[in-house]
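J.: Can you keep this structure in mind? I'll have questions shortly.
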Amino acid sequence: MRRAPPGANYPLMANDALRAGEVAVPPPRAEDAGLVFIGRIRTPWTSRLDCPRQGRLDGPLCRLELDQPWAQALQGVEAYARLEVLYWLDRSRRDILLQSPKNDGSLHGAFSLRSPVRPNPIGTAIVALERVEGTTLLVRGLDCLDGTPLLDIKPDRPLFHPVAPAPPGETAHELDRPCPLAGGKAP
């Protein structure tokens, strides 16, 4: 386990150096989960310093460029106003367990933060779908670097239907309502 030296003053996200009090561990041997990248994400950001901490639905237009083998999987996606995008934060450290995101000495565990620095750097964002052009989705709301590998795309959960029926004795949740974009049912 390595600790940053006390009083160390590292600029926020300027490099991969540990901030004061942060704790890193050597990662265990990777066991392949069989993940496949389905494409790449194109954004205006090439530096972690420029990349927003969280995407905004009124942010810049970005592109989800799917590789050709996955083209048919896009059928019906245009029925949703919002999508959940999962991506691999390939330029993030994976070894820091305790982080000081504000560089103020307060520490938080990686699992209590939305930081890109985590053992499995999977990013997720809810994006607004602007339009579909072949195997490219034009979206707003991302917060990742240009060229980030794309893992998956799903309808935003509140917009997706059908929802599994409630077990006997339980009532349906208020979010279990028909999808207005798909005429009350899944496309």
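J.: For the condition farther than 22 Å from Pro27 by Cα, among the acidic types (Asp, Glu), outside any strand (DSSP E or B) and under 14 Å from the mean Cα position of the chain (by Cα), what is the one hit in Asp146, Asp90? Break it down into steps so the answer makes sense when it comes.
T.: On the way: Asp90 fails: farther than 22 Å from Pro27 by Cα.
Matching residue, one of Asp146, Asp90: Asp146.
J.: May I ask you to list the residues in region 113-137 that are of a type in the set (D, E, K, R) and within 20 Å of Leu35 (Cβ to Cβ)? Lay out the reasoning, then the answer.
T.: Initially, region 113-137 is screened for residues of a type in the set (D, E, K, R), giving 114, 118, 130-131, 133.
Arg118, the sole residue that qualifies.
J.: Ok, one more. In region 37-89, how many are open to solvent by 70 Å² or more (accessible area, probe 1.4 Å), touching a residue at least 40 places away in the same chain (Cβ under 8 Å) and farther than 18 Å from Thr136 by Cβ?
T.: 6
J.: Also: What pairs come out if I take residues in region 19-36 that are free of Cβ contacts under 8 Å to residues at least 60 places away in the same chain and pair them with residues that are charged (D, E, K, R) and open to solvent by 50 Å² or more (accessible area, probe 1.4 Å) whose C-beta lies under 6 Å away, six or more apart or interchain?
T.: As it stands, the answer is none, since no pair meets every condition given.
J.: To continue, here is another question. Would a scan of region 155-169 turn up a residue that is over 18 Å from Cys51 (Cα atoms), assigned to a strand (DSSP E or B), modelled with pLDDT of 95 or more and open to solvent by less than 60 Å² (accessible area, probe 1.4 Å)?
T.: Scanning region 155-169, I find no residue that is over 18 Å from Cys51 (Cα atoms), assigned to a strand (DSSP E or B), modelled with pLDDT of 95 or more and open to solvent by less than 60 Å² (accessible area, probe 1.4 Å), so the answer is no.
J.: In the list Gly105, Gly184, which residue meets the criterion of being on the phi > 0 side of the Ramachandran plot, open to solvent by 20 Å² or more (accessible area, probe 1.4 Å), in contact with a His (Cβ under 8 Å, 6 or more places away or on another chain) and at pLDDT below 90? Can you show your working first?
T.: On the way: Gly105 fails: in contact with a His (Cβ under 8 Å, 6 or more places away or on another chain).
Just one listed residue meets the conditions, Gly184.
J.: Sticking with this one: Considering only residues that are under 19 Å from Glu130 (Cα atoms) and either hydroxyl-bearing (Ser, Thr, Tyr) or at pLDDT below 95 (or both), which ones fall in region 61-70?
T.: First, pick out the residues of region 61-70 that are under 19 Å from Glu130 (Cα atoms): 61-66.
Result: no residue meets the conditions.
Here's the yes/no breakdown for (1) open to solvent by less than 10 Å² (accessible area, probe 1.4 Å); (2) free of Cβ contacts under 8 Å to residues at least 60 places away in the same chain; (3) within 22 Å of Arg56 (Cβ to Cβ):
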| position | (1), (2), (3) |
| --- | --- |
| Ser115 | no, yes, yes |
| Pro119 | no, no, no |
| Val132 | no, yes, yes |
| Arg140 | no, no, yes |
| Leu145 | no, no, yes |
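The values are calculated or read from the model by the stated rules, or taken from the named source; none is laboratory data. These figures come from a predicted structure and were not determined experimentally. When we count neighbours, we look across all protein chains shown, and the Cβ atoms used for this are built from the backbone with ideal geometry, even at glycine. With ligands, DNA and RNA removed, areas are computed over all heavy atoms of the protein, side chains included. Shrake-Rupley method; radii C 1.70, N 1.55, O 1.52, S 1.80 Å.
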